[in-house]
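The values are calculated or read from the model by the stated rules, or taken from the named source; none is laboratory data. Everything numeric in this text was worked out from a predicted model, so none of it was measured. Cβ sites come from the backbone with ideal geometry, for glycine too, and all protein chains shown count toward neighbours. Accessible surface is based on the protein model in full, side chains and every heavy atom, while ligands, DNA and RNA are left aside. Shrake-Rupley method; radii C 1.70, N 1.55, O 1.52, S 1.80 Å.
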Amino acid sequence: MTETSIQLHARRPRQQLKGRQPDATALAEVRALIGAAPPDGHARDLLIEHLHRLNDHFHGLFERHLVALAAEMRLGMAEVFEVASFYHHFEILRDDAVAPRLTVRVCQSLSCQLAGGEALLEHLERLPALLGSGVQVLPAPCIGRCEQAPAALVGQHALGQATAERVVSASNEALARTQRAQAAPEVIAYQAYLTAGGYALPRALALGERDAEGVITALEHAGLRGLGGAGFPAGRKWRIVRGFDGPRFLAVNIDEGEPGTFKDRHYLERDPHRFLEGALVAAQVVGIDTVYIYLRDEYPECRAILTQAIADLMAEPPPGVPLPVIHLRRGAGAYICGEESAMIESIEGRRGEPRLRPPYIAEQGLFGRPTLEQNFETLYWVRDILERGPEWFAGQGRHGRQGLRSFSVSGRVREPGVKLAPAGITLRELVDEYCGGMAEGHTLYAYLPGGASGGILPARLADLPLDFDTLQPHGCFIGSAAVILLSQADRARDAALNMMRFFADESCGQCTPCRVGTAKAAQLMEAGQWDHATLEDLATVMQDASICGLGQAAPNPIRCVQQYFPEEVGGQP
């Protein structure tokens, strides 16, 4: 055969995807839930939203529906399966399996463990009243109700101060479709918010009464920093993203999965429009016409509140205020999606795996475009800072610090909850002045100043200022200001082990140092006397070689216990 005799034919388009083909019934069921495909097909970034519809309706993801969804979205089955299998709240089922009628998730975070969450889980797993009703009981990482510990999710309803009796009652109500959400604070409605001067700032920007540069300067002078944990100066971030060519996006992170953190839920349950106004201001100042809000799936009541608030805003926009397109996206149970680039991957409909950087998302974020990523609470304070002036916010600190912080306080304390206090307040001042002191019969033994990632400090260091950059010399950081109190009834080593098991469970698995290191560390930490040399090797590798902050911060509890509580683990390393 010569080269000139080879016949080249144009490749014909494939009429169907490779592999197992969908059956007509499954296709009809999928289409009934996700709707008919638009002329240009289903958007790839809606994959997780479509999976939620299937999971909610059928109480699991049956293989036949995943095959049909892949065909309907013109995706490979592997693409759909890898996303569906990544998130905790999706359960893939064989076609001959029987789906649970209801799933109950019992929180196993540190705050709930202190309040008896582990015993509650064990009791519910054996309870005939649930098992006989087809109810599935699962352990869960932090579900963001630490001040109401122990907490549980009964289907799509959160339950604080959970007991076996209350879980059974809520499950029966859910199965009978009569379930009511637990009492929540009264939400400030749209018209009431407008009457109180709401959305005046976006209108002033639209009319030219305020200018973008003045807004950014005010945020810089106020010292407002990202309140999701990283603490990057907000004004500087707005200026950086504004400097890149459009189109630009705003991605709002409400995936507060850090154990001990619940401040975003606290504010969202009460005043959603104050946050939305901050988002509109950011959109106008930075030049953004599309906003994506990523809300953790553990907050079903908040999802209803925010959905209604957005609908009210869109139905009757404030006069003269240009509105961006706002997309509300639902997480699916993955702590890693609190990391900004992992959140963006999830919004785009993929596994929530952090990206390697550079490039940073300010330049190449959502769909490859410049993206302003902000935590919910950061945007929540924009209105107050601009109305009251940056000096008001900056003048609130103590002990040489500036600003306000929302501390999520839980554990062995008399009055847990979100405490709005001056930045730089000490743990001792916070507990005595804002929390009514320690719980009855408990004295301070140790505390976690920044949730699972922030390390553990002994009671003798309770007079350190709590703020960004003040705790690093002691091997800790404040992060999202999730403060968990331990007493003489607890051991720091047990708290560290709880944290490490959490990290091992929540590692995305993308990089070996984190995937293997967290699991191995948890195993070693179960021993009565720690193998300090091996743990130090693991800690060094995780800190130096992990892709994102999960693996990099995972060693903090280990090193804090070794430094401050050596008697609990067999002496100093």
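For residue 393, work out the one condition from (1) closer than 19 Å to residue 476 by Cβ; (2) crowded, with 21+ Cβ neighbours inside 10 Å it doesn't fulfil.
(1)
Which of the following residues is modelled with pLDDT under 95, in contact with a Pro (Cβ under 9 Å, 6 or more places away or on another chain) and surrounded by 14 or more Cβ atoms within 10 Å (Cβ to Cβ): 198, 257?
Numbers: 198 fails: modelled with pLDDT under 95.
From the options 198, 257, the qualifying one is 257.
Name the one entry in 292, 335, 299 that is buried (at least 19 other Cβ atoms within 10 Å of the Cβ), within 17 Å of residue 48 (Cβ to Cβ) and in contact with a strand residue (DSSP E or B) (Cβ under 7 Å, 6 or more places away or on another chain).
292
Would you check if there is a residue in region 202-217 being closer than 17 Å to residue 278 by Cα, outside any loop (DSSP other than H, G, I, E, B), open to solvent by 10 Å² or more (accessible area, probe 1.4 Å) and basic (Lys, Arg)?
Looking through region 202-217, at least one residue is closer than 17 Å to residue 278 by Cα, outside any loop (DSSP other than H, G, I, E, B), open to solvent by 10 Å² or more (accessible area, probe 1.4 Å) and basic (Lys, Arg).
So which residues in region 537-547 are open to solvent by less than 70 Å² (accessible area, probe 1.4 Å) and part of a helix (DSSP H, G or I)? I'd like the intermediate steps shown before the answer.
Filtering region 537-547 down to residues open to solvent by less than 70 Å² (accessible area, probe 1.4 Å) leaves 538-540, 542, 545-547.
Across region 537-547, the qualifying residues are 538, 539, 540, 542, 545.
Pick from region 523-550 the residues that are among the small types (Gly, Ala, Ser) and over 20 Å from residue 471 (Cβ atoms): which of them is nearest to the chain's Cα centre (by Cα)?
The initial filter retains those residues of region 523-550 that are among the small types (Gly, Ala, Ser), namely 527-528, 533, 539, 545-546, 549.
From what is left, the residues that are over 20 Å from residue 471 (Cβ atoms) are 527-528, 533, 545-546.
Numbers: 527: 31, 528: 33, 533: 34, 545: 24, 546: 20 Å.
By that ranking, first place goes to 546.
In the list 162, 115, 151, which residue meets the criterion of being touching a Lys or Arg at 6+ places or on another chain (Cβ under 8 Å) and under 25 Å from residue 439 (Cα atoms)? Spell out how you get there, then give the answer.
Working: 162 fails: touching a Lys or Arg at 6+ places or on another chain (Cβ under 8 Å); 115 fails: touching a Lys or Arg at 6+ places or on another chain (Cβ under 8 Å).
Exactly one of 162, 115, 151 is touching a Lys or Arg at 6+ places or on another chain (Cβ under 8 Å) and under 25 Å from residue 439 (Cα atoms), namely 151.
Tell me which of these residue 530 doesn't satisfy, since it passes every other one: (1) in a helix (DSSP H, G or I); (2) open to solvent by less than 20 Å² (accessible area, probe 1.4 Å).
Result: residue 530 fails condition (1) only.
Only residues in region 353-371 that are at pLDDT 95 or above and open to solvent by 60 Å² or more (accessible area, probe 1.4 Å) count as the first member; pair them with residues that are part of a loop (DSSP other than H, G, I, E, B) and among the hydrophobic types (A, V, I, L, M, F, W, C), Cβ under 6 angstrom, at least 6 apart or cross-chain, and list the lot.
Note: pairs meeting the criteria are 363/244.
Just checking, which of 463, 432 is surrounded by fewer than 24 Cβ atoms within 10 Å (Cβ to Cβ) and either part of a loop (DSSP other than H, G, I, E, B) or polar (S, T, N, Q) (or both)? Don't jump to the end; show me each part of the working.
On the way: 432 fails: either part of a loop (DSSP other than H, G, I, E, B) or polar (S, T, N, Q) (or both).
Answer to the selection: 463.
Filter region 466-518 down to the residues that are polar (S, T, N, Q) and buried (at least 18 other Cβ atoms within 10 Å of the Cβ), then identify the one that is farthest from residue 566 (Cα to Cα).
For region 466-518, the residue satisfying everything is 510.
Against the definition (of a type in the set (Asp, Glu) and more than 16 Å from residue 153 (Cβ to Cβ)), how does residue 95 come out, yes or no? Spell out how you get there, then give the answer.
On the way: of a type in the set (Asp, Glu): yes; more than 16 Å from residue 153 (Cβ to Cβ): yes.
Here the answer is yes, as residue 95 does meet what is asked.
Would you check which residues across region 450-481 are at pLDDT 95 or above and charged (D, E, K, R) and list them?
Within region 450-481, 460, 463, 467 qualify.
Only strands (runs of 3 or more DSSP E) wholly contained in region 226-334 count here; list those with 2 or more residues that are among the aromatic types (Phe, Trp, Tyr) and within 19 Å of the chain's Cα centre (by Cα). Talk me through it step by step, then tell me what you get.
Numbers: elements: 248-254, 288-295, 325-330.
Here the list reads 288-295.
All but one of (1) in a helix (DSSP H, G or I); (2) among the charged types (D, E, K, R); (3) touching a residue at least 40 places away in the same chain (Cβ under 8 Å) hold for residue 186; which doesn't?
For residue 186, the failing item is (1).
Restricting attention to region 478-496, report how many residues are in a loop (DSSP other than H, G, I, E, B) and touching a Ser or Thr at 6+ places or on another chain (Cβ under 6 Å). Walk me through it before giving the result.
We begin by selecting, within region 478-496, every residue in a loop (DSSP other than H, G, I, E, B); these are 478-481, 488-491.
Then drop every residue that is not touching a Ser or Thr at 6+ places or on another chain (Cβ under 6 Å), which leaves 479-480, 488.
Result for region 478-496: 3.
Which helices (runs of 4 or more DSSP H) does region 73-153 wholly contain that include 3 or more residues that are over 20 Å from the mean Cα position of the chain (by Cα) and crowded, with 22+ Cβ neighbours inside 10 Å?
Working: elements: 77-84, 110-114, 117-125, 128-131.
Result: 117-125.
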